[in-house]
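Nothing in this text is a laboratory measurement; each read-out follows from the coordinates by a stated rule. Nothing here was measured: the structure is a model prediction, and the numbers come from that model. Note that we place each Cβ from the backbone using ideal geometry, even for glycine, and neighbour counts take in every protein chain shown.
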Amino acid sequence: MSKCRRCNIDVLDHSLSCPLCNGVLEYDPVKDPESEKDFLDHSQETGEKSKSVMYPDITPAMRRMRFVIKLTIFCSIVVEGILILINYLTYSKVKWSALCGIGLAYACFSLIYSFRHNKSHRKKMLVQAIFIMPVLILIDYILGYTGWSIDFAIPCVIAMLDIAILVLMIINTSNWQSYILLQIYIIIICVILTILMLTGKFFKHDFFMIIADIMSALLLGGTLVFGDRPATTELKRRFHV
C-alpha cells in the first residue's frame, strides 16, 4: 500500500503518483504487510531494484537551464541599455525604450517563474495573468494614460484566460476538475474589478469588463452544474470541507 502525504490518502494499487495531486507516493508496508511481496514483484517487473523510486540525475539539465536564464537576463539588460541610448539620441517625446524595457522584464519574469518554480501550469497561468495587468497599466501610463489598459486590455486578459481554461478542460478530460480553483480565483479578480468599475472612477467604458464577468461566471457555473459530483468533491477537497 502506498500513501500520499499531501492528500493524506492511501492508494491500494501500484501507482507511483497520487491520482489527486500527482505527487510522489510513499510505500507503507506497515499498513499492508501482505502486499509487500506483490510490491517487490512489481518493482522487479518495472526494472526497479529497490523499494524507492529511482529518478534520473537532473543536475546537468538544471545547470544548463540556470545558465540560459542568466544569459537571457544579461542579454536583456544589454539590449535595454542600447535601446535607452538610441532613444536618448533620437528622442522625439516618446519613451519607447521604457516600453521595450517593460516587455523584456516581463519576458524574463515569465522565463524565471516558468522554469525555476515547480508549480502547476494552472498556477503559472494565474500568476502571469495577474502580473501582466499592472504591466499593461504601466504601459498605458507611459503613453499618456488614456484608460485602454483598464477598459479593454485587462478584460481581454481575463476573457482569454477563461477561453484557455475551457480548452484545457476539454483536452484534459480525466482531470478537468483541477481547474475549478483557478476559475474561483478569476471570479475573485472579476469581483474586485467590478467593484472598481461601479465606483465610476477607473473605467470609462465598462462593456468589455461586463463581458469578462459574464464569461467567467458562465464558465464556473457551467463547470459546477455539468461537473456534478466530481466538481463538488473537488471543492470539498480544496477547501477541506
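Towards the positive end of the charge dipole of the range 58-118, with charges on Cβ (+1 Lys, Arg; -1 Asp, Glu), say which of Ala98, Ile77, Phe115 has the farthest Cα.
Farthest along the dipole direction, towards plus: Phe115.
Using only the Cα atoms of the range 58-118, each taken as one equal point scatterer with no solvent, compute I(q) by the Debye sum, divide by I(0), and report log10 of the ratio at q = 0.16, 0.19, 0.26 Å⁻¹.
Calculated log10 I(q)/I(0) at the listed q: -0.58, -0.71, -1.02.
For the range 98-175, what mean projected area does the convex hull of the alpha carbons give, in nm²?
Mean shadow area of the hull around the Cα atoms is 5.7 nm².
Given Cβ point charges of +1 (Lys, Arg) and -1 (Asp, Glu) and nothing else, what value in debye, to the nearest 20, does the dipole of the range 122-241 about its Cα centre take?
Using Cβ point charges on Lys, Arg, Asp and Glu, the range 122-241 gives about 460 debye.
Do any trypsin sites (Lys or Arg not before Pro) in the range 60-101 lie in a DSSP loop with no more than 15 other beta carbon atoms within 10 Å, and if so, which?
Lys93, Lys95
Once you've got the Cα coordinates, tell me which of Lys70/Lys93; Lys93/Lys123; Lys124/Lys204; Lys3/Lys236; Lys123/Lys204 are over 28 Å apart.
Lys70/Lys93; Lys93/Lys123; Lys124/Lys204; Lys123/Lys204
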